[in-house]
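See below for the structure under consideration.
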Amino acid sequence: MLSQLLADHAALRRALGFKFRTPGILLRNFVAFAEHRGEHVVTTATVHEWALQAPSPEQRRNRLLTVRRFAIALHAEDPRHEVPSADLFGRASHRRRTPYIYDPGDIRRLIDAALRLGPEGSIRPITYATMFGLIAATGMRVAGSGDRTVKTEMLDAPSVGTHSIDVRVDGDTVEQVTLDIRFKRIHVRPPIGKQKRYPALDLTVIHAAEIGTPTGRKPILWKLVTDLKVDNLEDALEKIRWYAMRWKIEVFHKILKSGCRAEDAKLRTADRLANLVALFCIVSWRVLWMTMAARADPEASPTVAFTASEIIILDQLVAETGNRNAKPATLELYLIKLARLGGYLARKADPPPGNTVIWRGIRRLADIQIGAELGRCG
């Protein structure tokens, strides 16, 4: 039973563009473990016992999260499958260290120390000194007269004002954050080892840093570089708003690539490929627009995004209960119903449905709608 469910799940993931190599190996291991115990559904107790066999806490958590994603997909079709909590072994506590930026003096001392390494007469000190020199030459951009970095130049830039933005922190919680805005026109030189190949550039660097220390997350720090004109606070805020749209652009291309599988097209002429991508862009835009519209105006009429037949089919397939308390006859309710077709659980603590479950739901809804129309035709 579980073996067949895993085969179907793996086929779906690969059809969506995922390689599914490492998760496939882990899930086959888990399914063999569960079926050896005579189980035909996923249970939290079995997941816990199987994950504990991992040799390290990191691998144990990886096992848990892999099976949890599998269980979420199964639970959408059969509620007998249990979805283990992501915090079954406690919250992950790994925090990335704050990087240290080396100045030219630090690099000189590091190379000198490498040259003093032993054993005497070996190539080890020369190897390490060369390696550190190459890393510094290819990775460090100097600014101004050449003895300072962009970071040190920006420390001298005065604040030109503040700007408030809304940040979604946990689930549906939205927090207002105030950013301190600085910008400065800087003469940016190429990395030390590439100054003969690339010219220096006059660029405007914009820093937007969160004021205060947030709880439970990293502070916002945006570092933007542009060759466009920035003379005042409004010009800087315009560039920041452009940057804020970057993630939506990334999501749009993710839908185009993974949802529509545009890269799998085997068309041989540019005209045909252009027509196909144009069609896929409309589909991708619809997925992204529906997802964002339901968050911006959840009480809008569902008819702004769904046809009458789609609304009827969703009413027949998905119950009115268990939809995160969405109000009846609203866009939010029908988007959640659509997402549930794509595997969304719609629990109160769950975040709003994202693009992945929406495009899966649209694919299923389209297939069901075709079947319903064929049935009406006799």
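The values are calculated or read from the model by the stated rules, or taken from the named source; none is laboratory data. Computed from a predicted model, the values in this text were never measured in an experiment. Here Cβ is always computed from backbone atoms with ideal geometry, including for glycine, and neighbour counts include all displayed protein chains. Please note that ligands, DNA and RNA were not included when accessible areas were found on the heavy atoms of the full protein model with its side chains. Shrake-Rupley method; radii C 1.70, N 1.55, O 1.52, S 1.80 Å.
Please determine whether any residue of the range 96-108 is assigned to a loop (DSSP other than H, G, I, E, B), over 30 Å from Ala129 (Cβ atoms) and either open to solvent by 50 Å² or more (accessible area, probe 1.4 Å) or β-branched (Val, Ile, Thr) (or both). Within the range 96-108, not a single residue is assigned to a loop (DSSP other than H, G, I, E, B), over 30 Å from Ala129 (Cβ atoms) and either open to solvent by 50 Å² or more (accessible area, probe 1.4 Å) or β-branched (Val, Ile, Thr) (or both).
Exactly one residue among Pro219, Pro214 is open to solvent by less than 70 Å² (accessible area, probe 1.4 Å), of a type outside the set (A, V, I, L, M) and outside any strand (DSSP E or B), and that residue is Pro214. Please determine, by comparing only the residues of the range 16-34 that are farther than 14 Å from Val67 by Cβ and open to solvent by 30 Å² or more (accessible area, probe 1.4 Å), which one is modelled with the highest pLDDT. Ranking the qualifying residues of the range 16-34, first place goes to Arg21. With respect to the conditions (1) of a type in the set (Gly, Ala, Ser); (2) touching a residue at least 12 places away in the same chain (Cβ under 8 Å); (3) open to solvent by 30 Å² or more (accessible area, probe 1.4 Å), Gly343 lacks only one, and its number is (3). Please verify whether Val205 is in a loop (DSSP other than H, G, I, E, B), surrounded by 12 or more Cβ atoms within 10 Å (Cβ to Cβ) and aliphatic (A, V, I, L, M), treating the condition exactly as stated. Here the answer is no, as Val205 does not meet what is asked.
Mind checking which residues of the range 295-317 are open to solvent by 10 Å² or more (accessible area, probe 1.4 Å) and of a type in the set (A, V, I, L, M)? Hits for the range 295-317 are Ala296, Ala300, Val304, Ala305, Ala308, Ile311, Ile312, Ile313, Leu317. Residues that are out of contact with any helix residue (DSSP H, G or I) (no Cβ under 8 Å at 6 or more places or on another chain) and crowded, with 17+ Cβ neighbours inside 10 Å within the range 73-92 comprise just one, His75. Among the candidates Leu276, Leu228, Leu267, the residue that is touching a helix residue (DSSP H, G or I) at 6+ places or on another chain (Cβ under 9 Å), open to solvent by 30 Å² or more (accessible area, probe 1.4 Å), free of Cβ contacts under 8 Å to residues at least 12 places away in the same chain and on the phi < 0 side of the Ramachandran plot is uniquely Leu267.
Selection of the range 23-54 for residues being in contact (Cβ under 8 Å) with a residue 40 or more places away in the chain and hydroxyl-bearing (Ser, Thr, Tyr) yields only Thr44.
Listed here are the helices (runs of 4 or more DSSP H) enclosed by the range 236-332 that have at least 2 residues being touching a Gly at 6+ places or on another chain (Cβ under 9 Å): 270-296.
Across the range 247-305, which residue is modelled with the lowest pLDDT among those that are within 18 Å of Trp359 (Cα to Cα) and of a type in the set (S, T, N, Q)? Within the range 247-305, the match that is modelled with the lowest pLDDT is Ser258.
Among the residues of the range 40-51, the ones that are at pLDDT 90 or above and either open to solvent by 10 Å² or more (accessible area, probe 1.4 Å) or assigned to a loop (DSSP other than H, G, I, E, B) (or both) come to 7 in all.
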